[in-house]
Amino acid sequence: PIKVERRVVQGSELSYAVDGTPADCLALAINSNLFHGQAIFDVVVSGINRSENLGWHSHYSGTLAAARQAVFLGKIGIAFSLDNFRAKQISEYEAAARLAVPIVQAFLGKFLPVNGFTNNQELRQSLLGKLLLNVNIPNQPYDSIKGYFLTTQGNSCNFSQYRVVEEFSDGEITFKASGVVHQEDTCEESDYWAVKQGWVSIVPLSLSQSMTRSEQEKREDKIVLGAIIPLLKQMSNAVGKQFKINIGLEN
């Protein structure tokens, strides 16, 4: 069973706390009568997560899992993470929230018309069940952020090391994390590189994890990128930030 409690969240019309994973929260919101038909979701936002989800970390991110679940269920999913695992005060997320809001607004139609889309319904219909974004934000003041960087996933990762802290007569052993081994990113201008250089990294992710992609999947990738690149560029210009691209598709 999954337990749900009503909560009051400033700025929210209706909020609940769910005793489950982030993906459970998303599935419950969409596939139950929790909101009694009062909510129709256009864009699903997961986060802002405390700590980055760059490189290989994205593979086991709960924040990203909720956004991915949204796309599975026919929505647009956007995961936001802040590159600061010590951030526990609301004030520490203010700059990140200020940078995240325009991205959400872009997919709610604020910066339309652009590239053939004249209204939000046209844009959403072209991206529903297809667009999954992994967004990571540097832990810097708003004015020092260079802009938005549409890029690719790198291969950075932190691997925890463990030590034994207690052994019991029944064979049970208790371990505790004793340190981290960091794998450096070796990908040029990747998400990890972008964030460390002061850019908000935006990585479009595929729902398929197979090593090869079909011609149909490649065509769909081009359609999605064709929709979001001009939109994100227009959004960046509107908020006075630079926009940079390091992404390409096979022919």
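The values are calculated or read from the model by the stated rules, or taken from the named source; none is laboratory data. This structure is a prediction, so every number in the text was calculated from the model and none was measured. Every residue, glycine as well, gets a Cβ built from its backbone with ideal geometry; the counts of neighbours run over all protein chains shown. Accessible surface is based on the protein model in full, side chains and every heavy atom, while ligands, DNA and RNA are left aside. Shrake-Rupley method; radii C 1.70, N 1.55, O 1.52, S 1.80 Å.
Quick check on the chain: helices-only [θ] at 222 nm, where DSSP H runs of length 4 and up contribute -39,500 (n - 2.57) each and the sum goes over total residues. Nearest 500, please.
-8500 deg cm²/dmol
Give the residue list of GluC sites (Glu not before Pro) in the stretch 1-58 that are DSSP loop and have at most 10 other beta-carbon atoms within 10 angstrom.
Of the GluC sites (Glu not before Pro), the ones in loops of the stretch 1-58 whose Cβ has at most 10 other Cβ atoms within 10 Å are Glu13.
Take the chain, connect every pair of alpha-carbon atoms lying under 10 Å apart with a spring to form a Gaussian network, then pick out the residue of Leu131, Leu123, Leu207 with the largest mean-square fluctuation.
Answer for the Gaussian network model of the chain: Leu207.
P(r) for the stretch 130-177, please, calculated from all Cα pair distances in 5 Å bins and given in %.
Pairs per bin, as whole percents: 4, 12, 13, 12, 11, 9, 9, 9, 9, 7, 4, 1.
With a 10 Å cut-off between alpha carbons and a GNM built on the chain, which of Glu184, Glu166, Glu220 moves the most?
Of the options given, Glu166 has the highest mean-square fluctuation.
Counting just the Cα atoms, what span does the stretch 39-87 cover along each of its three principal axes? Round to the nearest Å and put the largest first.
34, 21, 11 Å, listed from the longest principal axis down.
Over its Cα atoms, what ratio of radius of gyration to 2.2 N^0.38 Å does the stretch 1-60 give?
Ratio of Rg to 2.2 N^0.38 Å for the stretch 1-60: 1.28.
Please label the shape of the stretch 170-251 as rounded, prolate or oblate, based on the square roots a ≥ b ≥ c of the eigenvalues of the alpha-carbon gyration tensor (a/c under 1.5 means rounded; beyond that, a/b larger than b/c means prolate, else oblate).
Oblate shape, in that a/c is at least 1.5 and b/c is the bigger or equal ratio.
Could you please state how large a percent of the accessible area of the stretch 1-136 is carbon and sulfur, counting protein chains only and using a 1.4 Å probe?
Roughly 50 percent, rounded to a whole number.
Using only the Cα atoms of the stretch 203-251, what are the Rg and Dmax in Å?
For the stretch 203-251, the Cα radius of gyration and maximum Cα-Cα distance read 13.0, 38 Å.
Reachable lysines from Lys233, Cα under 17 Å, same-chain residues fewer than 8 places away excluded?
Result set, ordered by chain and number: Lys110, Lys146, Lys222, Lys241, Lys244.
So, with a 1.4 angstrom probe, what is the percent of accessible area on the stretch 143-251 that is carbon and sulfur?
48
Rank Phe117, Phe35, Phe107 by mean-square fluctuation in a GNM of the chain with C-alpha springs under 10 angstrom and give only the top-ranked residue.
So, out of Phe117, Phe35, Phe107, the one fluctuating most is Phe35.
Please figure out what share of the DSSP beta bridges in the chain is antiparallel and state it in percent, rounded to the nearest 5.
Values: 19 of 39 bridges.
For the chain, the DSSP antiparallel bridge percentage is about 50.
Which one of Phe107, Leu133, Leu123 has its Cα pushed farthest toward the positive end of the charge dipole of the stretch 90-156, where Lys and Arg give +1 and Asp and Glu give -1 at the Cβ?
It is Leu123.
Could you point to the residue in Phe149, Gln209, Gly240 farthest towards the positive end of the chain's charge dipole, with +1 and -1 charges on the Cβ of Lys/Arg and Asp/Glu respectively?
The residue sitting most towards the positive pole is Gly240.
Three principal axis extents, largest first, for the C-alpha atoms of the stretch 150-190, in Å?
That gives 53, 14, 12 Å along the principal axes, largest extent first.
Using the Cα gyration tensor of the stretch 109-157, with a ≥ b ≥ c the square roots of its eigenvalues, what is the shape: rounded (a/c below 1.5), prolate (a/b larger than b/c) or oblate (neither)?
Working: a/c = 3.16, a/b = 1.61, b/c = 1.96.
Since a/c reaches 1.5 but b/c is at least a/b, the shape of the stretch 109-157 is classed as oblate.
What ³J(HN,Hα) values, in whole Hz, does the Karplus curve 6.51 cos²θ - 1.76 cosθ + 1.60 give for the stretch 135-146 when θ = phi - 60°, with x put for Gly and Pro?
Calculated HN-Hα couplings, in order: 10, 10, 10, x, 8, 9, x, 3, 5, 8, 6, 5 Hz.
Considering the values [x] 20.2; [y] 14.3; [z] 16.9, which represents mean projected area of the Cα convex hull in nm² as calculated for the structure under consideration?
Only one listed value fits the structure, namely [z].
If the chain between Ile90 and Leu207 were fully stretched, how many nm would it gain, using 0.36 nm times the residue separation less the Cα-Cα distance?
38.9 nm
Helix check for the chain. Which DSSP H runs span at least 20 Å along their own axis by Cα, with a mean Kyte-Doolittle hydropathy no less than -1.0?
The answer, listed by residue number, is 215-238.
According to a simple spin-label model (label point 7 Å from Cα along Cα-to-Cβ), what is the distance in nm between Leu128 and Ser144?
Roughly 4.3 nm, to one decimal.
Does the stretch 85-172 come out rounded, prolate or oblate by the C-alpha gyration tensor, with a ≥ b ≥ c the root eigenvalues, rounded set by a/c under 1.5 and, if not, prolate when a/b is larger than b/c and oblate if not?
It is prolate, given that a/c is not under 1.5 and a/b is the larger ratio.
Let's test the formula: R0 of 35 Å, r as the Cβ-Cβ distance of Lys176 and Glu5. What FRET efficiency results, to the nearest 0.05?
Plugging the Cβ-Cβ distance into 1/(1 + (r/R0)^6) gives 0.65.
Need one number: convex hull volume per residue for the stretch 109-236, Cα atoms only, in Å³. Each step should come with its number before you reach the end.
Values: hull volume 24.4 nm³, N = 128.
Convex hull volume per residue, Cα atoms: 191 Å³.
Please give the per residue accessible area of the chain, computed with a probe of 1.4 Å over protein heavy atoms only, in Å².
Per-residue accessible area for the chain comes out at 56 Å².
Can you work out ³J(HN,Hα) from phi for every residue in the stretch 44-60, in order, using Karplus 6.51 cos²θ - 1.76 cosθ + 1.60 and θ = phi - 60°, giving whole Hz and x for Gly and Pro?
9, 10, 10, x, 8, 6, 7, 3, 6, 10, 9, x, 5, 4, 5, 5, 10
Normalised by the empirical 2.2 N^0.38 Å for globular proteins, what value does the Cα Rg of the stretch 1-149 take?
Compared with the compact-globule rule of thumb, the stretch 1-149 sits at 1.07.
Just how large is the dipole of the stretch 1-125 about the Cα centre, in debye to the nearest 20, putting +1 at every Lys and Arg Cβ and -1 at every Asp and Glu Cβ? Display every interim value, and only then the final one.
On the way: 11 positive and 10 negative charges, 12 e Å.
That gives the stretch 1-125 a dipole magnitude of about 60 debye.
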